[in-house]
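Novice: Handing you a structure now.
The values are calculated or read from the model by the stated rules, or taken from the named source; none is laboratory data. Since we're looking at a predicted model, the values are computed, not measured. Positions of Cβ are generated from backbone atoms using ideal geometry, with glycine treated the same way; all protein chains shown enter the neighbour counts.
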(Lines give C-alpha, C1' and ligand atoms only; values in the text may rest on other atoms or scores of the structure.)
Protein backbone atom coordinates (compact mmCIF):
# COMPACT_ATOMS: atom_id res chain seq x y z
CA UNK A 1 0.00 0.00 0.00
CA UNK A 2 1.50 3.32 -1.10
CA UNK A 3 1.63 6.31 1.23
CA UNK A 4 0.61 9.09 -1.15
CA UNK A 5 2.31 11.82 0.88
CA UNK A 6 5.63 9.96 0.63
CA UNK A 7 5.03 9.39 -3.07
CA UNK A 8 4.59 13.12 -3.68
CA UNK A 9 7.71 13.93 -1.66
CA UNK A 10 9.72 11.39 -3.64
CA UNK A 11 8.45 12.75 -6.95
CA UNK A 12 9.35 16.31 -5.95
CA UNK A 13 12.74 15.39 -4.48
CA UNK A 14 14.16 13.18 -7.20
CA UNK A 15 12.59 14.14 -10.50
CA UNK A 16 12.14 17.09 -12.78
CA UNK A 17 9.02 17.07 -14.94
CA UNK A 18 9.37 14.23 -17.41
CA UNK A 19 7.55 11.73 -19.60
CA UNK A 20 5.86 10.24 -16.49
CA UNK A 21 5.53 13.23 -14.17
CA UNK A 22 4.14 16.77 -14.29
CA UNK A 23 3.28 19.39 -11.67
CA UNK A 24 0.81 22.25 -11.60
CA UNK A 25 0.14 25.18 -9.30
CA UNK A 26 -3.59 24.57 -9.66
CA UNK A 27 -6.26 23.13 -11.93
CA UNK A 28 -8.85 25.38 -13.50
CA UNK A 29 -11.67 23.17 -14.75
CA UNK A 30 -14.25 25.97 -14.78
CA UNK A 31 -13.20 27.06 -18.30
CA UNK A 32 -12.78 25.35 -21.68
CA UNK A 33 -9.14 26.42 -21.72
CA UNK A 34 -8.48 24.84 -18.32
CA UNK A 35 -10.22 21.61 -19.29
CA UNK A 36 -8.33 21.44 -22.59
CA UNK A 37 -4.93 21.92 -20.91
CA UNK A 38 -5.65 19.31 -18.24
CA UNK A 39 -6.82 16.66 -20.74
CA UNK A 40 -3.88 17.50 -23.03
CA UNK A 41 -1.41 16.64 -20.24
CA UNK A 42 -3.32 13.44 -19.42
CA UNK A 43 -3.16 12.45 -23.09
CA UNK A 44 0.57 13.22 -23.41
CA UNK A 45 1.65 11.42 -20.23
CA UNK A 46 -0.44 8.36 -21.07
CA UNK A 47 0.98 8.13 -24.59
CA UNK A 48 4.57 8.64 -23.42
CA UNK A 49 4.40 6.21 -20.54
CA UNK A 50 1.73 3.58 -21.35
CA UNK A 51 3.34 0.70 -19.42
CA UNK A 52 3.66 2.43 -16.02
CA UNK A 53 1.80 4.81 -13.76
CA UNK A 54 2.23 8.51 -14.57
CA UNK A 55 1.55 11.34 -12.13
CA UNK A 56 0.47 14.98 -11.98
CA UNK A 57 1.03 16.80 -8.67
CA UNK A 58 -1.26 19.81 -8.09
CA UNK A 59 -0.62 22.60 -5.59
CA UNK A 60 3.15 22.98 -6.02
CA UNK A 61 5.12 26.01 -7.23
CA UNK A 62 6.74 25.13 -10.53
CA UNK A 63 10.17 26.75 -10.20
CA UNK A 64 11.14 25.72 -6.64
CA UNK A 65 8.74 22.89 -5.64
CA UNK A 66 7.29 24.93 -2.75
CA UNK A 67 4.24 23.12 -1.34
CA UNK A 68 1.48 25.75 -1.42
CA UNK A 69 -1.60 23.55 -1.50
CA UNK A 70 -4.86 23.75 -3.42
CA UNK A 71 -8.55 23.40 -2.63
CA UNK A 72 -10.01 20.00 -1.81
CA UNK A 73 -11.35 18.60 -5.08
CA UNK A 74 -13.75 15.74 -4.46
CA UNK A 75 -15.03 15.28 -8.00
CA UNK A 76 -14.92 11.52 -8.55
CA UNK A 77 -16.35 12.18 -12.01
CA UNK A 78 -13.12 13.70 -13.29
CA UNK A 79 -12.71 10.41 -15.17
CA UNK A 80 -15.87 11.27 -17.09
CA UNK A 81 -14.30 14.57 -18.14
CA UNK A 82 -11.34 12.72 -19.66
CA UNK A 83 -13.66 10.17 -21.28
CA UNK A 84 -15.67 13.00 -22.86
CA UNK A 85 -12.66 14.32 -24.80
CA UNK A 86 -10.38 11.35 -25.51
CA UNK A 87 -10.55 8.24 -27.64
CA UNK A 88 -8.92 5.33 -25.80
CA UNK A 89 -8.68 7.31 -22.54
CA UNK A 90 -6.54 6.02 -19.67
CA UNK A 91 -8.02 5.27 -16.27
CA UNK A 92 -7.17 8.12 -13.92
CA UNK A 93 -7.58 8.74 -10.20
CA UNK A 94 -7.60 12.08 -8.39
CA UNK A 95 -6.71 12.05 -4.69
CA UNK A 96 -6.43 14.79 -2.04
CA UNK A 97 -3.32 14.44 0.11
CA UNK A 98 -2.97 16.47 3.35
CA UNK A 99 0.43 17.89 4.34
CA UNK A 100 1.33 18.90 7.93
CA UNK A 101 2.19 22.55 7.22
CA UNK A 102 -0.91 23.30 5.14
CA UNK A 103 -4.21 24.63 6.53
CA UNK A 104 -6.71 21.82 7.02
CA UNK A 105 -8.81 23.08 4.09
CA UNK A 106 -5.81 22.83 1.72
CA UNK A 107 -4.28 19.69 0.22
CA UNK A 108 -1.95 18.57 -2.52
CA UNK A 109 -3.78 16.97 -5.44
CA UNK A 110 -2.38 13.77 -6.93
CA UNK A 111 -3.53 12.58 -10.36
CA UNK A 112 -2.54 8.97 -11.11
CA UNK A 113 -2.70 7.91 -14.76
CA UNK A 114 -2.87 4.13 -15.03
CA UNK A 115 -1.09 2.00 -17.68
CA UNK A 116 -2.97 1.18 -20.89
CA UNK A 117 -2.38 -0.09 -24.42
CA UNK A 118 -2.97 1.93 -27.57
CA UNK A 119 -2.72 5.65 -28.32
CA UNK A 120 -5.01 8.29 -26.80
CA UNK A 121 -6.20 11.17 -28.97
CA UNK A 122 -8.87 13.88 -28.95
CA UNK A 123 -12.28 12.84 -30.23
CA UNK A 124 -13.59 16.41 -30.71
CA UNK A 125 -12.49 20.04 -30.81
CA UNK A 126 -11.90 21.71 -27.44
CA UNK A 127 -10.59 25.26 -27.09
CA UNK A 128 -7.65 25.44 -29.58
CA UNK A 129 -7.11 21.65 -29.78
CA UNK A 130 -8.58 20.04 -32.92
CA UNK A 131 -10.29 16.67 -33.11
CA UNK A 132 -7.80 13.89 -33.83
CA UNK A 133 -4.88 15.63 -32.07
CA UNK A 134 -2.32 13.33 -30.40
CA UNK A 135 0.02 14.59 -27.69
CA UNK A 136 3.22 13.21 -26.22
CA UNK A 137 5.90 14.43 -23.80
CA UNK A 138 9.21 16.00 -24.61
CA UNK A 139 10.93 16.73 -21.30
CA UNK A 140 8.54 18.90 -19.30
CA UNK A 141 6.38 19.84 -22.31
CA UNK A 142 3.26 18.23 -23.74
CA UNK A 143 3.59 18.61 -27.51
CA UNK A 144 1.40 17.60 -30.46
CA UNK A 145 2.56 14.87 -32.79
CA UNK A 146 2.74 15.57 -36.48
CA UNK A 147 0.06 13.91 -38.56
CA UNK A 148 0.95 10.33 -39.46
CA UNK A 149 3.41 9.81 -36.61
CA UNK A 150 2.87 7.36 -33.77
CA UNK A 151 3.39 8.15 -30.10
CA UNK A 152 6.49 6.36 -28.77
CA UNK A 153 6.79 5.15 -25.20
CA UNK A 154 9.84 5.44 -22.98
CA UNK A 155 10.60 1.97 -21.62
CA UNK A 156 13.38 3.39 -19.43
CA UNK A 157 10.68 4.72 -17.09
CA UNK A 158 9.79 1.30 -15.68
CA UNK A 159 12.67 1.02 -13.20
CA UNK A 160 12.45 4.68 -12.22
CA UNK A 161 8.71 4.60 -11.51
CA UNK A 162 8.99 1.27 -9.67
CA UNK A 163 11.79 2.65 -7.51
CA UNK A 164 9.78 5.74 -6.55
CA UNK A 165 6.69 3.71 -5.72
CA UNK A 166 8.60 1.09 -3.71
CA UNK A 167 10.27 3.76 -1.60
CA UNK A 168 6.82 5.21 -0.86
CA UNK A 169 5.34 2.08 0.73
CA UNK A 170 3.42 2.58 3.95
CA UNK A 171 4.56 1.29 7.34
CA UNK A 172 3.03 0.74 10.79
CA UNK A 173 4.97 3.77 12.00
CA UNK A 174 3.48 6.03 9.33
CA UNK A 175 -0.02 4.71 10.07
CA UNK A 176 0.24 5.25 13.84
CA UNK A 177 1.72 8.72 13.38
CA UNK A 178 -1.09 9.57 10.97
CA UNK A 179 -3.81 8.53 13.42
CA UNK A 180 -2.21 10.43 16.32
CA UNK A 181 -1.72 13.56 14.21
CA UNK A 182 -5.34 13.48 13.01
CA UNK A 183 -6.88 12.93 16.45
CA UNK A 184 -4.65 14.97 18.76
CA UNK A 185 -3.19 17.70 16.58
CA UNK A 186 -5.29 18.67 13.58
CA UNK A 187 -8.71 18.33 15.20
CA UNK A 188 -8.36 19.63 18.73
CA UNK A 189 -11.55 21.66 18.31
CA UNK A 190 -13.92 18.75 17.61
CA UNK A 191 -14.41 15.07 18.47
CA UNK A 192 -12.44 12.66 16.28
CA UNK A 193 -12.89 8.91 15.84
CA UNK A 194 -11.22 6.07 13.99
CA UNK A 195 -12.21 2.61 12.77
CA UNK A 196 -10.01 -0.29 11.63
CA UNK A 197 -11.30 -2.38 8.74
CA UNK A 198 -10.06 -5.88 7.82
CA UNK A 199 -7.19 -5.52 10.36
CA UNK A 200 -5.46 -3.27 7.81
CA UNK A 201 -7.32 -0.11 6.79
CA UNK A 202 -7.70 2.82 9.21
CA UNK A 203 -10.31 5.51 8.59
CA UNK A 204 -10.35 8.64 10.79
CA UNK A 205 -13.10 11.23 10.84
CA UNK A 206 -13.97 14.40 12.73
CA UNK A 207 -16.89 16.81 12.68
CA UNK A 208 -19.39 18.72 14.79
CA UNK A 209 -22.14 16.27 15.73
CA UNK A 210 -25.85 17.01 16.07
CA UNK A 211 -28.96 14.85 16.34
CA UNK A 212 -32.12 15.83 14.46
CA UNK A 213 -35.26 13.71 14.90
CA UNK A 214 -33.17 10.74 15.96
CA UNK A 215 -30.73 11.01 13.05
CA UNK A 216 -27.06 11.91 13.58
CA UNK A 217 -25.39 14.45 11.29
CA UNK A 218 -21.94 16.04 11.17
CA UNK A 219 -20.82 19.43 9.85
CA UNK A 220 -17.33 20.73 8.95
CA UNK A 221 -16.42 17.13 8.27
CA UNK A 222 -12.92 15.79 7.60
CA UNK A 223 -12.45 12.10 6.70
CA UNK A 224 -9.14 10.40 5.85
CA UNK A 225 -7.90 6.97 4.85
CA UNK A 226 -4.77 7.07 6.99
CA UNK A 227 -2.91 4.18 5.33
CA UNK A 228 -2.57 6.09 2.08
CA UNK A 229 -2.68 9.61 3.56
CA UNK A 230 -5.62 10.70 1.42
CA UNK A 231 -8.68 12.74 2.30
CA UNK A 232 -11.89 10.94 1.43
CA UNK A 233 -14.07 13.95 2.22
CA UNK A 234 -13.76 17.53 3.38
CA UNK A 235 -16.40 20.25 3.60
CA UNK A 236 -16.62 23.62 5.30
CA UNK A 237 -20.40 23.80 4.96
CA UNK A 238 -22.38 20.65 4.28
CA UNK A 239 -24.21 18.28 6.59
CA UNK A 240 -23.05 14.67 6.41
CA UNK A 241 -24.28 11.38 7.82
CA UNK A 242 -21.81 8.54 8.44
CA UNK A 243 -22.54 4.83 8.72
CA UNK A 244 -20.21 1.84 8.83
CA UNK A 245 -20.01 -1.88 9.55
CA UNK A 246 -17.13 -4.36 9.56
CA UNK A 247 -16.67 -4.22 5.79
CA UNK A 248 -17.67 -0.76 4.62
CA UNK A 249 -17.78 2.95 5.40
CA UNK A 250 -20.52 5.17 3.90
CA UNK A 251 -20.77 8.95 3.64
CA UNK A 252 -24.05 10.63 2.65
CA UNK A 253 -23.68 14.34 1.91
CA UNK A 254 -26.49 16.89 2.10
CA UNK A 255 -26.52 20.36 0.57
CA UNK A 256 -28.44 23.30 2.03
CA UNK A 257 -30.57 25.13 -0.56
CA UNK A 258 -33.38 27.61 -0.30
CA UNK A 259 -34.76 31.01 -1.16
CA UNK A 260 -35.95 33.90 0.97
CA UNK A 261 -34.14 32.63 4.08
CA UNK A 262 -35.95 29.26 3.95
CA UNK A 263 -33.36 26.46 3.81
CA UNK A 264 -33.87 22.75 3.25
CA UNK A 265 -31.21 20.03 3.22
CA UNK A 266 -31.24 17.86 0.11
CA UNK A 267 -29.30 14.56 -0.25
CA UNK A 268 -26.47 15.21 -2.72
CA UNK A 269 -24.29 12.10 -2.96
CA UNK A 270 -23.51 8.85 -1.20
CA UNK A 271 -19.95 7.50 -1.22
CA UNK A 272 -19.37 3.87 -0.21
CA UNK A 273 -15.90 2.51 0.57
CA UNK A 274 -15.87 -1.30 0.56
CA UNK A 275 -12.84 -3.00 2.09
CA UNK A 276 -11.81 -6.47 0.93
CA UNK A 277 -9.90 -9.30 2.61
CA UNK A 278 -7.22 -9.28 -0.09
CA UNK A 279 -5.88 -5.83 0.88
CA UNK A 280 -7.81 -3.81 -1.71
CA UNK A 281 -10.69 -1.38 -1.39
CA UNK A 282 -13.23 0.07 -3.80
CA UNK A 283 -14.92 3.48 -3.71
CA UNK A 284 -18.32 3.87 -5.37
CA UNK A 285 -20.33 7.08 -5.65
CA UNK A 286 -24.06 7.50 -6.25
CA UNK A 287 -25.55 10.92 -7.03
CA UNK A 288 -28.80 11.39 -5.10
CA UNK A 289 -29.53 15.02 -5.89
CA UNK A 290 -33.05 15.99 -6.95
CA UNK A 291 -32.93 19.81 -7.14
CA UNK A 292 -35.89 21.87 -5.92
CA UNK A 293 -38.14 23.49 -8.52
CA UNK A 294 -39.71 26.90 -7.96
CA UNK A 295 -42.29 29.17 -9.56
CA UNK A 296 -40.87 30.53 -12.82
CA UNK A 297 -42.11 34.09 -12.29
CA UNK A 298 -40.61 34.26 -8.82
CA UNK A 299 -37.31 32.83 -10.09
CA UNK A 300 -37.14 35.44 -12.86
CA UNK A 301 -37.41 38.21 -10.25
CA UNK A 302 -34.76 36.60 -8.02
CA UNK A 303 -32.38 36.01 -10.94
CA UNK A 304 -32.53 39.65 -12.05
CA UNK A 305 -32.03 40.82 -8.46
CA UNK A 306 -28.84 38.79 -8.22
CA UNK A 307 -27.57 40.10 -11.56
CA UNK A 308 -28.17 43.62 -10.26
CA UNK A 309 -26.21 42.77 -7.12
CA UNK A 310 -23.28 41.52 -9.21
CA UNK A 311 -23.40 44.69 -11.30
CA UNK A 312 -23.08 46.83 -8.17
CA UNK A 313 -20.17 44.70 -7.04
CA UNK A 314 -18.40 45.09 -10.41
CA UNK A 315 -18.83 48.88 -10.24
CA UNK A 316 -17.52 48.93 -6.67
CA UNK A 317 -20.74 50.51 -5.42
CA UNK A 318 -21.56 50.22 -1.69
CA UNK A 319 -23.94 47.45 -0.66
CA UNK A 320 -26.67 47.77 1.92
CA UNK A 321 -26.68 45.46 4.92
CA UNK A 322 -29.37 43.33 3.29
CA UNK A 323 -27.42 43.18 0.02
CA UNK A 324 -24.29 42.05 1.88
CA UNK A 325 -26.31 39.19 3.37
CA UNK A 326 -27.75 38.34 -0.06
CA UNK A 327 -24.22 38.27 -1.50
CA UNK A 328 -23.29 35.39 0.81
CA UNK A 329 -26.24 33.43 -0.60
CA UNK A 330 -25.67 34.52 -4.21
CA UNK A 331 -23.72 31.38 -5.31
CA UNK A 332 -26.37 28.94 -4.09
CA UNK A 333 -29.15 31.20 -5.46
CA UNK A 334 -27.57 31.30 -8.94
CA UNK A 335 -27.11 27.54 -8.74
CA UNK A 336 -30.84 27.14 -8.03
CA UNK A 337 -31.57 29.45 -10.97
CA UNK A 338 -29.40 27.27 -13.24
CA UNK A 339 -31.16 24.12 -12.04
CA UNK A 340 -34.50 25.80 -12.77
CA UNK A 341 -33.72 26.47 -16.43
CA UNK A 342 -31.82 29.77 -16.35
CA UNK A 343 -28.95 28.51 -18.51
CA UNK A 344 -26.80 31.65 -18.22
CA UNK A 345 -26.81 31.53 -14.42
CA UNK A 346 -23.90 29.08 -14.26
CA UNK A 347 -21.75 31.30 -16.49
CA UNK A 348 -22.64 34.37 -14.43
CA UNK A 349 -21.58 32.48 -11.32
CA UNK A 350 -18.26 31.39 -12.83
CA UNK A 351 -17.55 34.95 -14.00
CA UNK A 352 -18.21 36.22 -10.47
CA UNK A 353 -15.33 34.20 -8.99
CA UNK A 354 -12.79 37.09 -8.69
CA UNK A 355 -15.43 39.40 -7.18
CA UNK A 356 -16.47 36.87 -4.55
CA UNK A 357 -12.87 35.93 -3.80
CA UNK A 358 -12.01 39.59 -3.16
CA UNK A 359 -15.01 40.20 -0.88
CA UNK A 360 -13.90 40.79 2.76
CA UNK A 361 -16.20 38.09 4.17
CA UNK A 362 -14.55 34.83 3.08
CA UNK A 363 -17.90 33.04 3.40
CA UNK A 364 -18.85 34.43 -0.02
CA UNK A 365 -15.97 32.62 -1.74
CA UNK A 366 -16.49 29.43 0.29
CA UNK A 367 -20.12 29.44 -0.88
CA UNK A 368 -18.93 29.90 -4.48
CA UNK A 369 -16.63 26.87 -4.29
CA UNK A 370 -19.38 24.72 -2.77
CA UNK A 371 -21.88 25.72 -5.48
CA UNK A 372 -19.41 24.98 -8.30
CA UNK A 373 -18.61 21.62 -6.72
CA UNK A 374 -22.30 20.61 -6.75
CA UNK A 375 -22.67 21.72 -10.37
CA UNK A 376 -19.58 19.70 -11.38
CA UNK A 377 -21.04 16.60 -9.79
CA UNK A 378 -24.24 16.97 -11.78
CA UNK A 379 -22.49 17.75 -15.08
CA UNK A 380 -20.20 14.74 -15.10
CA UNK A 381 -22.59 12.24 -13.51
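Novice: Filter the strands (runs of 3 or more DSSP E) completely within the stretch 21-104 down to those with at least 1 residues that are surrounded by fewer than 17 Cβ atoms within 10 Å (Cβ to Cβ). If you could, list the steps in order and put the result at the bottom.
Specialist: On the way: elements: 21-24, 54-58, 92-97.
Counting at least 1 such residues, we get 92-97.
Novice: Does at least one position in the stretch 310-321 carry a residue that is in contact with a helix residue (DSSP H, G or I) (Cβ under 6 Å, 6 or more places away or on another chain) and at pLDDT 90 or above?
Specialist: Applying the first criterion (in contact with a helix residue (DSSP H, G or I) (Cβ under 6 Å, 6 or more places away or on another chain)) to the stretch 310-321 yields 313.
With the extra rule that they be at pLDDT 90 or above, the set shrinks to 313.
The answer is yes; a qualifying residue exists.
Novice: Read through the list (1) in contact with a strand residue (DSSP E or B) (Cβ under 8 Å, 6 or more places away or on another chain); (2) assigned to a loop (DSSP other than H, G, I, E, B); (3) surrounded by fewer than 11 Cβ atoms within 10 Å (Cβ to Cβ), then give the number of the only condition that residue 282 fails.
Specialist: For residue 282, the failing item is (2).
Novice: Please state which one of 196, 179, 203 is assigned to a strand (DSSP E or B), closer than 18 Å to residue 231 by Cβ and either in contact with a strand residue (DSSP E or B) (Cβ under 7 Å, 6 or more places away or on another chain) or in the same structural domain as residue 277 (by TED's automatic domain parsing) (or both). Break it down into steps so the answer makes sense when it comes.
Specialist: Numbers: 196 fails: closer than 18 Å to residue 231 by Cβ; 179 fails: assigned to a strand (DSSP E or B).
Criteria check complete, one pass: 203.
Novice: Would you call residue 244 closer than 25 Å to residue 378 by Cα, in contact (Cβ under 8 Å) with a residue 24 or more places away in the chain and out of contact with any helix residue (DSSP H, G or I) (no Cβ under 7 Å at 6 or more places or on another chain)? Walk me through it before giving the result.
Specialist: Details: closer than 25 Å to residue 378 by Cα: no; in contact (Cβ under 8 Å) with a residue 24 or more places away in the chain: yes; out of contact with any helix residue (DSSP H, G or I) (no Cβ under 7 Å at 6 or more places or on another chain): yes.
Judged against the criteria, residue 244 is not a match.
Novice: Sticking with this one: Quick one: is residue 355 in a helix (DSSP H, G or I), touching a helix residue (DSSP H, G or I) at 6+ places or on another chain (Cβ under 8 Å) and in contact (Cβ under 8 Å) with a residue 12 or more places away in the chain? Can you show your working first?
Specialist: Details: in a helix (DSSP H, G or I): yes; touching a helix residue (DSSP H, G or I) at 6+ places or on another chain (Cβ under 8 Å): yes; in contact (Cβ under 8 Å) with a residue 12 or more places away in the chain: yes.
Yes, satisfied.
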